Amino acid sequence: MGTEAMPAGCGTTSREATATATVIGFFDAYRARDVEGMIELCTDNADFRYVPFEVWGRQRVLHGDGKVCTIGKPIWTALIDAFPDLINTVTSIRADGEGNVAVQADISGTQAKDFGVIACAGGDFELPHLFLFHVTGHGLIDDVVSYWDNAQWKKQLGWFEVD
Amino acid sequence: MSARKVAREFFDHMQAADVDEILCMMTPDAAVSLVPLQVHGSMAAKGGDYLRELARSFPDLVIRLRRLFVTTDNTAVAEITIEGTQADAFLGAANLEKHVDLDQGWILEVTPDDRISAVTAYWDQNQLYRRLGVKRLDKITITTRGGGVGYRGHASGLRHDVT
């Protein structure tokens with residue numbers, strides 16, 4: 001199901017409709033691999049948390065937790081660089097009247113370069129994601145959270161190391 | 001009651017290992033999708049199996065509800081952290097008595113009469129395996145201490161992709 005077909009829900013409030021439209025625009029930009037377009041839909045100081053993004057080093061653990069402009073942008077850019085045909089299909093959008101939006105989406109792509117620890121073997125993947133957004137009353141995203149399963153992702157790409 | 005209260009009760013019962021109480025909150029045909037386990041089906045059967053295995057493997061389980069909102073279609077969307085110390089094999093991983101903390105996203109679809117008709121859960125199984133000491137996704141029973149080789153998952157009916 002494409003985002004065009006996704007209803008904002010029955011009895012929408014203006015806040016709900018605005019938030020839903022913003023998030024649909026975000027996924028449209030993501031589908032077009034337009035990182036600047038994604039960022040333009042976020043506030044300057046938007047929070048970002050990709051929960052499974054976790055790199056364990058000897059001295060410290062790096063988390064995908066920070067700001068869209070400093071953590072989100074490099075991750076999205078690197079992801080699109082490694083998977084140049086990256087695409088998403090939104091399967092559900094649910095919103096409340098306070099700017100919270102939950103999105104279930106399948107993200108897929110073909111690996112063209114190494115990504116993190118995952119060496120490029122030319123494999124492809126399709127992976128369900130849960131995204132949680134908060135959208136301001138002005139229609140800008142000020143919080144992005146995502147969950148997915150890296151184990152499935154790695155296995156689909158032929159990589160079997162946990163770390 | 002409200003969907004918000006239903007969700008809080010659901011997670012309270014999960015922490016208390018009251019699986020039967022959770023199942024009493026469901027509609028008769030309630031569905032479950034445990035996305036990282038690729039488990040999809042009946043909440044009463046497959047959902048119950050997972051929750052019992054979780055309770056048995058982590059008897060000191062603590063559920064921390066970090067975020068909860070209810071969308072206009074009466075769906076409760078929650079971010080939780082589960083914490084506990086492993087006391088039994090879990091999802092094919094041998095018991096190394098590791099402490100686990102894992103962020104998860106849950107979607108509970110609630111009917112107008114406050115029953116749960118569908119449950120969908122997201123988390124990163126790779127993070128879970130890392131915390132349990134698993135080193136390889138294709139040999140999840142081989143851990144950092146080398147224990148538990150030969151275990152092929154609990155006879156719960158859950159699919160663990162153990163090879």
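The values are calculated or read from the model by the stated rules, or taken from the named source; none is laboratory data. None of these values were measured; they are calculated from a predicted model. For neighbour counting, all protein chains shown are included, and Cβ atoms are generated from backbone atoms with ideal geometry for every residue, glycine included.
A few points about this structure:
- Segment A:77-106, residues that are touching a strand residue (DSSP E or B) at 6+ places or on another chain (Cβ under 9 Å) and farther than 24 Å from A:Glu16 by Cα: A:Ala78, A:Leu79, A:Ile80, A:Asp81, A:Ala82, A:Phe83, A:Pro84, A:Asp85, A:Leu86, A:Ile87
- Filtered residues of segment A:86-111 (kept if touching a Ser or Thr at 6+ places or on another chain (Cβ under 9 Å) and more than 14 Å from every other protein chain (Cβ to nearest Cβ)): A:Leu86, A:Ile87, A:Asn88, A:Thr89, A:Val90, A:Ser108
- Of all residues making up segment B:131-140, the number that are outside any loop (DSSP other than H, G, I, E, B) and buried (at least 21 other Cβ atoms within 10 Å of the Cβ): 3
- Hits in segment A:46-57 - residues which are closer than 21 Å to A:Tyr147 by Cα and either within 13 Å of chain B (Cβ to nearest Cβ) or more than 13 Å from the chain's Cα centre (by Cα) (or both): A:Ala46, A:Asp47, A:Arg49, A:Tyr50, A:Val51, A:Pro52, A:Phe53, A:Glu54, A:Val55, A:Trp56
- Candidates B:Asp88, B:Asp103 - the one that is surrounded by 17 or more Cβ atoms within 10 Å (Cβ to Cβ) and at pLDDT 95 or above: B:Asp103
- Enumeration of residues in segment B:91-100 that are surrounded by fewer than 14 Cβ atoms within 10 Å (Cβ to Cβ) and under 24 Å from A:Trp148 (Cβ atoms): B:His99
Here's the yes/no breakdown for (1) more than 19 Å from A:Pro128 (Cβ to Cβ); (2) among the aliphatic types (A, V, I, L, M); (3) without any contact (Cβ under 8 Å) to a residue 12 or more places away in the chain:
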{"site": "B:Asp18", "(1), (2), (3)": "yes, no, yes"}
{"site": "B:Cys24", "(1), (2), (3)": "yes, no, yes"}
{"site": "B:Thr27", "(1), (2), (3)": "yes, no, no"}
{"site": "B:Ala31", "(1), (2), (3)": "no, yes, no"}
{"site": "B:Leu37", "(1), (2), (3)": "no, yes, no"}
{"site": "B:Glu53", "(1), (2), (3)": "yes, no, no"}
{"site": "B:Arg56", "(1), (2), (3)": "yes, no, no"}
{"site": "B:Asp60", "(1), (2), (3)": "yes, no, no"}
{"site": "B:Thr71", "(1), (2), (3)": "no, no, yes"}
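- Residues satisfying the stated conditions in segment B:84-132, i.e. more than 12 Å from chain A (Cβ to nearest Cβ) and small (Gly, Ala, Ser): B:Gly84, B:Ala87, B:Ala89, B:Ala94, B:Ser117
- Selected residue (criterion: farthest from B:Met1 (Cα to Cα)) from residues of segment B:95-127 that are without any contact (Cβ under 8 Å) to a residue 60 or more places away in the chain and not in a strand (DSSP E or B): B:Leu96
- Residues that are hydrophobic (A, V, I, L, M, F, W, C) and in a helix (DSSP H, G or I) within segment B:1-24 comprise B:Ala3, B:Val6, B:Ala7, B:Phe10, B:Phe11, B:Met14, B:Val19, B:Ile22, B:Leu23, B:Cys24, listed in sequence order.
- Subset of segment A:118-157 [more than 10 Å from chain B (Cβ to nearest Cβ) and without any contact (Cβ under 8 Å) to a residue 60 or more places away in the chain]: A:Ile118, A:Ala119, A:Cys120, A:Ala121, A:Gly122, A:Gly123, A:Asp124, A:Phe125, A:Glu126, A:His138, A:Gln156, A:Leu157
- Listed conditions (1) away from every other protein chain (no Cβ under 14 Å); (2) in contact with a strand residue (DSSP E or B) (Cβ under 8 Å, 6 or more places away or on another chain); (3) under 19 Å from B:Val100 (Cβ atoms) are all met by B:Arg56, apart from (2).
- Index of the failed condition, A:Phe83 passing every other in (1) within 13 Å of chain B (Cβ to nearest Cβ); (2) crowded, with 20+ Cβ neighbours inside 10 Å; (3) under 30 Å from B:Leu91 (Cβ atoms): (1)
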